[in-house]
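Report on one structure; see the data block that follows.
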């Protein structure tokens, strides 16, 4: 897994709550036994018309935002089934971070989806409902606005013509460490390879 580094990218907003994994990647795209090629299926029911042509009203088909690397949604993103393919689709499209708000008793991200994101190098950022509202308002005025995501310092800077706005977030320390160092679960385990060898030798 590649190390997560500070980057600046275009922000694309899908202004919906409870985006489930079937919306992220509908079940008809789950036939492949490979872990690649899912980017074109992301949001396919919304991105494409019935005849397969692009739905030009959808944010990822608009010239200003089709190359977006930061996705912002409403609360409870990634709910529904536990399919990891949903995260693969998000990452393979080109997104490096997702922003969502916690609202009342609703989480920003569904637990399993959130865990799958960290395993695949995708940063999930939780902001307040008011902050997400503010970002959506900026995107409405300035489609294609960019933001800088800094995981090390745990902030997002939205670059707008009205000025820069900085949003601070709290990342899970263990997830932050994994992403900054590019460690998946296997690489994390291998850090303790010598300790594991000693333990196994004692059990022999």
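Here, each number is a calculation from the coordinates, and none is a lab measurement. Nothing here was measured: the structure is a model prediction, and the numbers come from that model. A quick note on method: Cβ atoms are made from the backbone with ideal geometry, for glycine too, and the neighbour counts reach across all protein chains shown.
Considering all projection directions equally, how large on average is the shadow of the alpha-carbon convex hull of region 64-137, in square nanometres? Write down the numbers at each step before the final one.
On the way: hull surface 19.7 nm².
Orientation-averaged projected area of the Cα hull: 4.9 nm².
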What share of all Cα pairs of region 1-96, in percent, falls into each consecutive 10 Å distance bin? 15, 48, 33, 3
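Show that you can apply the helix-only estimate: for the chain, add -39,500 (n - 2.57) for every DSSP H stretch of four or more residues, divide by all residues, and state [θ] at 222 nm to the nearest 500.
On the way: 8 runs with 65 residues, N = 204.
Dividing the helical sum by the residues of the chain leaves -8500 deg cm²/dmol.
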Cα-projected label distance for residue 153 with residue 102, points at 7 Å along beta-carbon direction, nm: 2.5
Where the Cα pairs of region 9-171 fall when distances are cut into 10 Å bins, in %: 11, 42, 37, 10, 1
Helix 193-203 versus the longest principal axis of the chain: what angle, 0 to 90°, nearest 10, using Cα atoms? 40
Using 0.36 nm times the number of residues separating residue 140 and residue 64, minus their current alpha carbon distance, what extension gain do you get? 26.2 nm
What percentages make up the Cα-Cα pair-distance distribution of region 104-168 when the bins are 10 Å wide from 0? 18, 44, 33, 4
